[in-house]
Amino acid sequence: MSEDRDGVPGPGSSPEDGADHGGAAGSGDHTAVRGDRFAGGPARGFMSSLAADDRIFAADLAVDRAHVVMLAEQGILDPDEAGAILSALDDVAAAGHGSLPDGEDAHEAIETAVIDSVGEAGGRMHTARSRNDEVATCIRHRFREDLLSAAEATVALREALLSAAEDHADTLMPGFTHAQPAQPTTVGHWLCSYESALARDTARLLDAYDRTNRSPLGAAAFAGTPFDVDRERTAELLGFDGVVDNATDAVTARDFLVEGVAAMANLATTLSGLSTDLIGFARDGYVDLDDDYASTSSIMPQKKNPDSLELARATAGDAAAGLNGLLTTLKGLPRAYNRDLQRATPHAWEAVDAVTEATEIAAGAVATAEWNRHELAAAAGDGFSTATGVADALAMGGVPFRTAHRIVARVAELGMGGDYGAVKAVAEEELDEPLETYVSRETVEAAMDPASNVAGRDSAGGPAPSEVEAAVDDASEALGADAGAVEDRRIALESAENRLDAAVSEYV
């Protein structure tokens, strides 16, 4: 995706400096953009991005088609020449990226192929644009698709989490802080906690999509063009929501990549936490992962390893590295195009591919996991995890909470958690009056029972089954809206593709 060009050719000129391409633009070191000058030498391979440009091959063809249609509609390009160029582009698309002639990037190679097909008139395709605005448009065209795919993956994972949460709204489990037993909770509540985080990840991806989906095309090298181009028309044909107004900003900006990769890094961090929890729960026998998401040892036949989740967890490193690499590449660049930008996009592609796949894997692992209700219930009260509930019961009976906290802490120190007699003895020593003055035995014992303890924590967002069920309902409604938002954007892109096909058919 290289580009470092100043100026654009006029309607009667060849793409660069008037060199005669004839029908041999792809032969030897003679290229559509460079002609014979700067076409060879030991740095050519180093500077080439042709192989990597397979990623944006389809986007490049779409951008070329939209630009040619606009040129013809504006009277800048003869309709017959436009038809010939568009037909040649169809042939290039059918042949595929692997059939492109040599070039320093796909943009040059496609142009060379068109010129080889239709003759020198094929060079008119590049009228009123630079590779600077062309490349920026291609990147946005492709990256928006990647962002939608990632958003779709988060929707699928959220669906899996909410389905499991609905099934396990009342399934007890131990809750942890600092990896220590803390308070009993429910599987449904734990699952909903990750769904909430992923809902924000979806929102960030959609926000990034909306800022990505603006067209730089028509900005030319960085200073616009004297031709009477219609930037809004090419934006419409390509499914963009509008244009990047300032021509210099249009070709310079890669902050949309930063925003998208940052959203991917945040998503990967969410996945990392989810994976770590599931790995630990599988180790402790709380959950069984499906064999499709696990593996065994090459030497220890009894092993069932959560390998897929370990790899999903590792993508947080990939995404963070991509974000750091991208920011470091962009730091300190002057305005307009610099060849450094050729090294920016691989960070984005690698991050979005790794994290999207990891999200899909996590969705499958969650959807197929089997939760072991008996083991979870048995562990829910471990480590006197109901202690906070006992302190709350005392406080609700009139004991100052700090005093109640001290009473229950002493019971825990004695190793007598869960023993009503111990609570009564310590409380009466602290309070100098009967415990029943404040709270009944039944209330204390209910607080020490994990199921009753959880059921009593029915504040908004709490783990009580009734609250989990309400949370699932609310989250399902929000999920439906997000799924619709993703689908709306997909439909808009499909409609634009149809508009472009229809516009091209007027000339071919």
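Would you confirm, using the coordinates I've provided, whether R339 is within 16 Å of V135 (Cβ to Cβ) and either out of contact with any Pro (no Cβ under 9 Å at 6 or more places or on another chain) or of a type in the set (A, V, I, L, M, F, W, C) (or both)? Don't jump to the end; show me each part of the working.
Details: within 16 Å of V135 (Cβ to Cβ): yes; either out of contact with any Pro (no Cβ under 9 Å at 6 or more places or on another chain) or of a type in the set (A, V, I, L, M, F, W, C) (or both): yes.
When the stated conditions are applied, R339 passes them.
Within region 495-508, is there a residue that is closer than 30 Å to A84 by Cα, surrounded by 12 or more Cβ atoms within 10 Å (Cβ to Cβ) and at pLDDT below 95?
Yes, region 495-508 has at least one match.
Can A109 be described as among the aliphatic types (A, V, I, L, M) and in the same structural domain as L71 (by TED's automatic domain parsing)? First the steps, then the outcome.
Numbers: among the aliphatic types (A, V, I, L, M): yes; in the same structural domain as L71 (by TED's automatic domain parsing): yes.
Against the criterion (among the aliphatic types (A, V, I, L, M) and in the same structural domain as L71 (by TED's automatic domain parsing)), A109 qualifies.
Just the residues that are assigned to a helix (DSSP H, G or I) and out of contact with any Lys or Arg (no Cβ under 9 Å at 6 or more places or on another chain), please, taken from region 269-288.
Pass one, region 269-288, residues assigned to a helix (DSSP H, G or I): 269-283.
T269, D277, L278, G280, F281, R283 - these are the residues of region 269-288 that are assigned to a helix (DSSP H, G or I) and out of contact with any Lys or Arg (no Cβ under 9 Å at 6 or more places or on another chain).
Can you name the number of the only condition in (1) surrounded by 18 or more Cβ atoms within 10 Å (Cβ to Cβ); (2) over 48 Å from the mean Cα position of the chain (by Cα); (3) assigned to a helix (DSSP H, G or I) that V399 fails?
(3)
Of all residues in region 300-340, how many are out of contact with any strand residue (DSSP E or B) (no Cβ under 9 Å at 6 or more places or on another chain) and modelled with pLDDT of 90 or more? Working first, answer last.
From region 300-340, those out of contact with any strand residue (DSSP E or B) (no Cβ under 9 Å at 6 or more places or on another chain) are 300-302, 309-340; that's our starting set.
If we keep only those that are modelled with pLDDT of 90 or more as well, we get 309-336.
Summing the residues that are out of contact with any strand residue (DSSP E or B) (no Cβ under 9 Å at 6 or more places or on another chain) and modelled with pLDDT of 90 or more in region 300-340 gives 28.
Kindly indicate which of V468, V399, V486 is closer than 30 Å to R144 by Cβ and hydrophobic (A, V, I, L, M, F, W, C). Break it down stepwise before answering.
On the way: V468 fails: closer than 30 Å to R144 by Cβ; V399 fails: closer than 30 Å to R144 by Cβ.
Only one candidate passes the filter, namely V486.
Can you confirm whether A106 is at pLDDT below 95, under 29 Å from R343 (Cα atoms) and touching a Phe, Trp or Tyr at 6+ places or on another chain (Cβ under 7 Å)? Give the steps one after another, and end with the answer.
Values: at pLDDT below 95: yes; under 29 Å from R343 (Cα atoms): yes; touching a Phe, Trp or Tyr at 6+ places or on another chain (Cβ under 7 Å): yes.
Yes; evaluated as a whole, the condition is true for this residue.
Please verify whether T212 is in contact with a Leu (Cβ under 7 Å, 6 or more places away or on another chain), of a type in the set (V, I, T) and closer than 30 Å to V504 by Cα, treating the condition exactly as stated. Full working, then the answer.
Details: in contact with a Leu (Cβ under 7 Å, 6 or more places away or on another chain): yes; of a type in the set (V, I, T): yes; closer than 30 Å to V504 by Cα: yes.
Spelling it out, T212 is indeed in contact with a Leu (Cβ under 7 Å, 6 or more places away or on another chain), of a type in the set (V, I, T) and closer than 30 Å to V504 by Cα.
Which condition number does D241 fail, the rest of (1) surrounded by 15 or more Cβ atoms within 10 Å (Cβ to Cβ); (2) out of contact with any Lys or Arg (no Cβ under 9 Å at 6 or more places or on another chain); (3) free of Cβ contacts under 8 Å to residues at least 60 places away in the same chain; (4) not hydrophobic (A, V, I, L, M, F, W, C) being met?
Unmet condition: (2).
Go through the residues of region 216-233 one by one and say whether even a single one is assigned to a helix (DSSP H, G or I) and acidic (D, E).
Step one: list which residues in region 216-233 are assigned to a helix (DSSP H, G or I), which gives 231-233.
Filter once more, keeping what is acidic (D, E): 232.
There is at least one residue in region 216-233 that is assigned to a helix (DSSP H, G or I) and acidic (D, E).
Exactly one of these conditions fails for R211: (1) buried (at least 19 other Cβ atoms within 10 Å of the Cβ); (2) closer than 20 Å to L148 by Cβ. Give me its number.
(1)
Can you tell me how many residues within region 69-103 are surrounded by 20 or more Cβ atoms within 10 Å (Cβ to Cβ), at pLDDT below 90 and not in a helix (DSSP H, G or I)?
The total comes to 2.
From the list V439, V408, which residue is modelled with pLDDT of 95 or more, in a loop (DSSP other than H, G, I, E, B) and not assigned by TED's automatic domain parsing to the domain that holds T276? Before the answer, list the steps.
Details: V408 fails: in a loop (DSSP other than H, G, I, E, B).
Going through V439, V408 in turn, just one is modelled with pLDDT of 95 or more, in a loop (DSSP other than H, G, I, E, B) and not assigned by TED's automatic domain parsing to the domain that holds T276: V439.
Could you grab me the full set of residues in region 176-208 that are in a strand (DSSP E or B), surrounded by fewer than 17 Cβ atoms within 10 Å (Cβ to Cβ) and touching a residue at least 12 places away in the same chain (Cβ under 8 Å)?
Q180, A182
Out of the residues in region 308-351 that are within 30 Å of A223 (Cα to Cα) and among the basic types (K, R), which is surrounded by the most Cβ atoms within 10 Å (Cβ to Cβ)?
R343
Among the numbered criteria (1) over 29 Å from A197 (Cα atoms); (2) out of contact with any strand residue (DSSP E or B) (no Cβ under 9 Å at 6 or more places or on another chain); (3) not in a loop (DSSP other than H, G, I, E, B), which one does H347 miss?
(1)
The values are calculated or read from the model by the stated rules, or taken from the named source; none is laboratory data. Note that the coordinates shown come from a computational prediction; the quantities given were computed from them, not determined experimentally. Neighbour counts run over all protein chains shown; Cβ positions are idealised from the backbone, glycine included.
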